[in-house]
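Note sheet for the following structure.
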Amino acid sequence: MDKLLIHGGRRLQGEVRISGAKNAALPILCAGLLVPGTLELSNVPQLHDVGTTLKLLDRMGVKSTRDAAAGTVTLDGSSVTSTEAAYDLVKTMRASILVLGPLVARFGEARVSLPGGCAIGQRPVDQHIKGLQALGARIDIEHGYVVARASRLKGTRIVTDMVTVTGTENLMMAATLAEGETVIENAAREPEVVDLARALIALGARIHGAGTDRIVIEGVDALHGGAYRVMSDRIEAGTFLCAVAAAGGDLRLTHCEPDTLDATLDKLREAGLRIECGPDWIRGTMDGRPKSVNVRTAPYPGFATDMQAQMMAVNCVADGTGVITETIFENRFMHVQEMRRLGAEIDTEGTTAVVRGKRGLSGAIVMATDLRASAGLVIAGLVADGDTLVDRVYHLDRGYDRMERKLAAVGASIERVRTVDDA
Ligand code: UD1
């Protein structure tokens, strides 16, 4: 099992190319199921989750060719042979639920394993199911699988109980092939939802209002092939900015979309990071020690829950006390115990964490528990005195494109190691 060995205390200096967004790439790959032709994607990040999605699609008969280094994937959905997503893959990647909407919309049937809970919370999919039922699908839960059947979905008005990103995406994809108009109220406004809508429009879908809380989809009889470039990863960009805010230095991020990062940029400015932005770049400079900030996660355009662990790492070494409140997932503080092993002073009560910043942390062995928690631990390790060994790096590999190489290229002392006991 791979681990990351970090020798802390180096400033970060140089340029980082930001990759395509995981949370846009995964739904857009699943949209390949809607297309009886080819979908050519570019700016697809080199991530484990992309590989898992392609495997999932391959089992259904969607052929793909991928040039991982070039970031291109071509999907061919013209001869789908199966409408099942099995437990062995779904359990490793919750985003697999995104095949449900496309399958039932195009083929009138789908059998998709229920993802189950995960480390950060229960994460039910009831809103996906409720929305598909409203569109006319019959849904049964059989042997741990969601089984959906429909002749043709019928457009309707759906009001979700809470803002859900993949829920909105699943229903938007399903509605592209429904008969008549579908309105999704209380829709997620995340930029990745907008990116998926743009991709679907490039394939012939009729969608208005993506990026607002009311999305209107006029169903069409069929989509067609096309090409699309996946948006830049705002969470990866935010993670590198947190890294420079904590470790100090001067980073210029290229190929990014500053407009999608407002809440993160505001908090980092408040923390003392000097930020300059161009149309597709962001420069972050930090000389002294960061200042503590209070953070409350919220649906977009609020502060992203996917940035919470990284911002906590900044607070761990900041001047002052910062309060972090997690409002999206009920159990997303598992990095706290590990950050404490590095000497951080953090108290938690329920979904609130009080972080008393310290001048320094001290390196230790820590365990990554989920994707963004791992990124928080890497940032803490960049600042800690001595060696930090981050175990279970596979979490990080699921969602960050060669993070340690990018960090090493801007001056961090970080390397991937494989220990003998794992051989
Ligand atoms: C997506 C992102 C994830 C991010 C999250 C919140 C992808 C692949 N993943 O996850 O990185 O952390 O948005 O920004 O894009 N909920 C229900 N019932 C449902 C659906 C959701 O109760 O049917 C709840 C969830 O448990 C959670 C909240 O709603 O408390 C928001 O979840 P949601 O936006 O759906 O997160 P994901 O789409 O799974």
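The values are calculated or read from the model by the stated rules, or taken from the named source; none is laboratory data. As the structure is a computational prediction, the values presented were derived from the model and not from experiment. Here the Cβ positions follow ideal geometry from the backbone for every residue, glycine too, while neighbour counts run over all protein chains shown. Heavy atoms of the whole protein, side chains included, go into the accessibility calculation; ligands, DNA and RNA do not. Shrake-Rupley method; radii C 1.70, N 1.55, O 1.52, S 1.80 Å.
Taking the chain as the reference, fit the longest principal axis to its C-alpha atoms, fit the long axis of helix 234-247 to the helix C-alpha atoms, and give the angle between the two in degrees, 0 to 90, nearest 10.
10
Percent of accessible area on the chain owned by carbon and sulfur, 1.4 Å probe?
47
For the chain, what's the relative contact order in percent, using C-alpha pairs closer than 8 Å and at least 6 residues apart?
Once divided by the residue count of the chain, the mean separation gives 21 percent.
Averaged per residue, what accessible area in Å² does the chain show with a 1.4 Å probe, protein chains only?
38
Counting C-alpha atoms alone, how compact is segment 8-155: give Rg to one decimal and Dmax as a whole number, in angstrom.
17.0, 61
Show me the three semi-axes of the equivalent ellipsoid for segment 302-342, from the C-alpha gyration tensor (sqrt of 5 times each eigenvalue), largest first, rounded to whole Å.
Semi-axes (√(5λ), whole Å): 17, 13, 8.
With 35 Å as the cut-off, how large is the P(r) tail for the chain, expressed as percent of Cα-Cα pairs?
More than 35 Å apart: 27 percent of the Cα pairs in the chain.
For segment 1-67, state the semi-axes of the equivalent ellipsoid (square roots of 5 times the eigenvalues of the alpha-carbon gyration tensor), sorted largest first and rounded to whole angstrom.
32, 15, 9
For the pairs Lys130/Lys267; Lys3/Lys63; Lys91/Lys358; Lys130/Lys406; Lys358/Lys406, flag any whose C-alpha to C-alpha distance is greater than 30 Å.
Checking Cα-Cα distances, Lys130/Lys267; Lys3/Lys63; Lys91/Lys358; Lys130/Lys406 exceed 30 Å.
Translational D (Stokes-Einstein, µm²/s) of segment 30-69 at 10 °C and 1.306 mPa s when Rh comes from the Kirkwood sum over C-alpha pairs?
Rounded, D is 147 µm²/s.
Output ³J(HN,Hα) for segment 297-307: one whole-Hz value per residue in order, computed from phi by the Karplus curve 6.51 cos²θ - 1.76 cosθ + 1.60 with θ = phi - 60°, and x for Gly and Pro.
Couplings: 6, 7, x, 4, x, x, 6, 5, 4, 5, 10 Hz.
At a Cα cut-off below 19 Å, give the aspartates and glutamates reachable from Lys55, other chains included and same-chain residues fewer than 8 away excluded.
Cα-Cα hits under 19 Å: Glu40, Asp67, Asp76, Glu84, Asp88, Asp397, Asp401.
Using only Cα atoms, locate the centre of segment 69-129 and the centre of segment 1-63, then give the distance between them in Å, rounded to an integer.
Result: 15 Å between the Cα centres.
Which distance in nm do the two modelled labels at Leu89 and Val323 give, with both placed 7 Å along the Cα-to-Cβ direction?
In this crude label model, Leu89 to Val323 measures out at 4.6 nm.
Could you order Thr297, Thr81 so the one with the most accessible surface comes first? Probe is 1.4 Å.
Correct descending sequence by accessible area is Thr81, Thr297.
What percent do you get for the relative contact order of segment 307-423 when only Cα pairs under 8 Å and 6+ apart count?
About 25 percent, as a whole number.
What span do the alpha-carbon atoms of segment 272-423 cover on each of the three principal axes, reported in whole Å from largest to smallest?
That gives 43, 39, 30 Å along the principal axes, largest extent first.
For the chain, give me the percentage of DSSP beta bridges that are antiparallel, rounded to the nearest 5 percent.
70
Measure out, as a whole number of angstrom, how far apart the alpha-carbon centroids of segment 393-408 and segment 212-233 sit.
29
Could you work out how far the C-alpha centroid of segment 241-290 sits from that of segment 310-333, in angstrom?
One Cα centre to the other: 18 Å.
Taking the C-alpha atoms of segment 97-215, how large are the radius of gyration and the largest Cα-Cα span, Dmax, in Å?
13.4, 39
Find which of Thr297, Met307, Leu382 sits farthest along the positive direction of the dipole of segment 290-383, computed with +1 on the beta-carbon of Lys and Arg, -1 on that of Asp and Glu, about the Cα centre.
Leu382
Can you compute the radius of gyration and Dmax for segment 175-326, using only the Cα atoms, both in Å?
Every Cα atom of segment 175-326 included, Rg and Dmax give 18.6, 59 Å.
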